[in-house]
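What follows is a short report on a single structure.
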Amino acid sequence: MKFKCPRGMRDFYPPEMAIRNWIADRWRRVSLRHAFEEYDGPIFESLDLYRVKSGGAIVSELFHFTDRGNREFAIRPEMTPTLARMVADQAQSLKKPIKWFSIPRLCRAERPQRGRLREFFQWNVDVLGEDGVLADAECVFVAIDFFREVGLTSDHMVFKINSRALLASILENAQIPSDRFDAVYAVLDRRDKMDDAAFDKIVADLGVEPAQHDLLIGLGKAKGTDGLEHIRKLLQGHDQGLKHLGELEQLFTLLRTMGVGEFCTFDMGVVRGLAYYTGPVFEAFGKGGLKRAIGGGGRYDRLLSDVGGPPMSGTGFATS
């Protein structure tokens with residue numbers, strides 16, 4: 001009988017292993033250069049850790065099993081829940097801000113497709129215990145520093161940045177019920193994958209009022225400097241929304257000061273699918289022949305308390 005590598009997995013013969021090590025060496029080099037410390041955790045975690053983070057529906061997306069003691073576990077699909085659990089366990093003794101990175105092996109039980117396999121390696125960079133947008137700017141800057149390390153420029157990739165808190169304020173101001181937010185987020189997150197007519201139809205399928213429909217169509221087009229001005233007009237007289245807009249604009253100012261402004265742009269269509277994001281969210285996209293997401297992250301200010309730790313802000317970025 002002849003055996004093959006499992007579907008969605010990869011063999012690493014010496015030439016492929018050399019490339020993998022070359023990339024991992026640069027992930028580690030950039031992380032250490034910016035004073036991040038390396039950590040790691042177990043290859044599987046309690047299944048409840050992912051249920052707490054993402055709800056019961058997440059189970060179908062995981063490789064999970066029950067051990068001989070009838071305990072439920074899942075092979076880790078991402079690193080942030082493990083990070084949150086570890087920090088929560090020793091939160092009082094860790095010096096703040098906590099700047100950690102990891103290069104884990106991860107698995108997801110999903111249909112393999114271009115650029116997204118069932119097993120993959122990922123570089124994670126996180127800052128915890130720093131409430132201001134400086135931490136978000138640092139994560140974005142470190143990610144861009146890696147891309148520059150391997151020879152990419154703003155001609156090759158772009159960082160699209162948005163804020164979940166800002167978007168929530170806009171939806172609240174438009175009197176869209178909070179139980180519809182997740183559906184709106186999912187629609188906006190798919191905006192770049194469809195033409196105007198398809199986007200208009202999927203927004204109409206949400207069953208919102210005509211004025212709310214027009215608002216969402218406008219949000220799907222809100223990009224760059226003009227997009228920020230459009231958002232400012234929408235939020236006139238809405239103090240909480242303008243506060244979140246000011247924080248996002250401060251983030252862009254910091255990134256320009258750090259010398260990476262040409263890599264970064266505002267895009268209301270970047271929402272990120274994970275439910276635990278609470279503030280700025282960002283995705284790196286390739287241009288030209290690499291026209292797809294090549295990394296992403298955002299702020300998660302409630303995750304530590306959700307896994308039993310003290311209230312502590314966090315923000316991070318990952319690429320694979």
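Does I43 satisfy the criteria of being under 17 Å from C107 (Cα atoms), surrounded by 17 or more Cβ atoms within 10 Å (Cβ to Cβ) and either modelled with pLDDT of 95 or more or among the β-branched types (V, I, T) (or both)? Here the answer is no, as I43 does not meet what is asked.
Of all residues in segment 30-54, which are in a helix (DSSP H, G or I) and either under 22 Å from the mean Cα position of the chain (by Cα) or not charged (D, E, K, R) (or both)?
So in segment 30-54, the residues in a helix (DSSP H, G or I) come out as 30-33, 47-54.
Selection gives V30, S31, L32, L47, D48, L49, Y50, R51, V52, K53, S54.
Every test in (1) touching a helix residue (DSSP H, G or I) at 6+ places or on another chain (Cβ under 9 Å); (2) crowded, with 21+ Cβ neighbours inside 10 Å; (3) closer than 28 Å to S320 by Cβ is passed by E283 save one, and that test is (1). A count restricted to segment 16-40 and to residues that are within 16 Å of T319 (Cβ to Cβ) and open to solvent by less than 70 Å² (accessible area, probe 1.4 Å) stands at 9.
Collect the residues in segment 69-111 that are acidic (D, E) and within 22 Å of P6 (Cβ to Cβ), keeping them in residue-number order. Explain how you work it out, then say what you get.
Pass one, segment 69-111, residues acidic (D, E): 72, 78, 89, 110.
Residues satisfying the conditions are E78, E110.
A search for C-beta distances below 8 Å between a residue of segment 184-197 that is buried (at least 16 other Cβ atoms within 10 Å of the Cβ) and any residue that is basic (K, R), counting only pairs 6+ apart in sequence or on different chains, returns Y185/R164; D189/R272. K99 meets all of the listed conditions (1) of a type in the set (K, R); (2) surrounded by fewer than 16 Cβ atoms within 10 Å (Cβ to Cβ); (3) in contact (Cβ under 8 Å) with a residue 24 or more places away in the chain but one, namely (2).
The residues of segment 288-320 that are surrounded by fewer than 15 Cβ atoms within 10 Å (Cβ to Cβ) and touching a helix residue (DSSP H, G or I) at 6+ places or on another chain (Cβ under 9 Å), listed by number, are S305, G308, P310, P311. Looking at segment 164-209, the helices (runs of 4 or more DSSP H) lying wholly inside it that each contain 2 or more residues that are over 16 Å from V270 (Cα atoms) sit at 164-173, 196-204. With the checklist (1) farther than 30 Å from F44 by Cβ; (2) part of a helix (DSSP H, G or I); (3) more than 20 Å from the chain's Cα centre (by Cα) in hand, flag the one item G151 doesn't pass. In the conditions (1) farther than 30 Å from F44 by Cβ; (2) part of a helix (DSSP H, G or I); (3) more than 20 Å from the chain's Cα centre (by Cα), G151 misses (2) alone.
Taken over segment 114-150, the residue count meeting the criterion of being closer than 14 Å to G286 by Cβ, modelled with pLDDT of 95 or more and not hydrophobic (A, V, I, L, M, F, W, C) is 0.
What residue, of L206, L219, is of a type outside the set (V, I, T) and either under 17 Å from G246 (Cα atoms) or buried (at least 17 other Cβ atoms within 10 Å of the Cβ) (or both)? Working first, answer last.
Working: L206 fails: either under 17 Å from G246 (Cα atoms) or buried (at least 17 other Cβ atoms within 10 Å of the Cβ) (or both).
Testing whether each residue is of a type outside the set (V, I, T) and either under 17 Å from G246 (Cα atoms) or buried (at least 17 other Cβ atoms within 10 Å of the Cβ) (or both) leaves just L219.
In segment 210-237, the residues that are of a type outside the set (A, V, I, L, M) reach residues that are open to solvent by less than 20 Å² (accessible area, probe 1.4 Å) and in a helix (DSSP H, G or I) with C-beta atoms within less than 6 angstrom, at least six apart or across chains, in these pairs: H213/V203; G220/F199.
Looking at segment 309-316, can you tell me whether even one residue there is hydroxyl-bearing (S, T, Y), within 19 Å of the chain's Cα centre (by Cα) and over 26 Å from K96 (Cβ atoms)?
Of the residues in segment 309-316, the ones hydroxyl-bearing (S, T, Y) are 313, 315.
Subsequent filtering for residues that are within 19 Å of the chain's Cα centre (by Cα) retains 313, 315.
Checking the rest, the ones that are also over 26 Å from K96 (Cβ atoms) come to none.
No, segment 309-316 contains no residue that is hydroxyl-bearing (S, T, Y), within 19 Å of the chain's Cα centre (by Cα) and over 26 Å from K96 (Cβ atoms).
Checking T278, T265, T253 one by one, the residue that is in a helix (DSSP H, G or I), touching a Gly at 6+ places or on another chain (Cβ under 9 Å) and not aliphatic (A, V, I, L, M) is T253 and no other.
Every residue, every condition in (1) open to solvent by 50 Å² or more (accessible area, probe 1.4 Å); (2) of a type in the set (V, I, T); (3) under 30 Å from A24 (Cβ atoms); (4) without any contact (Cβ under 8 Å) to a residue 24 or more places away in the chain, yes or no:
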| residue | (1), (2), (3), (4) |
| --- | --- |
| F121 | no, no, yes, no |
| L134 | yes, no, yes, no |
| I144 | no, yes, yes, no |
| S169 | no, no, no, no |
| D200 | yes, no, no, yes |
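Restricting to segment 76-95, name every residue that is among the charged types (D, E, K, R), part of a loop (DSSP other than H, G, I, E, B) and open to solvent by 80 Å² or more (accessible area, probe 1.4 Å).
K95
The values are calculated or read from the model by the stated rules, or taken from the named source; none is laboratory data. The structure presented is a predicted model; accordingly, all values stated were derived computationally and were not measured. Here the Cβ is made from the backbone with ideal geometry for all residues, glycine too, and neighbour counts use every protein chain on show. Each accessible area value is taken on the protein alone, full model and side chains, heavy atoms only, with ligands, DNA and RNA left out. Shrake-Rupley method; radii C 1.70, N 1.55, O 1.52, S 1.80 Å.
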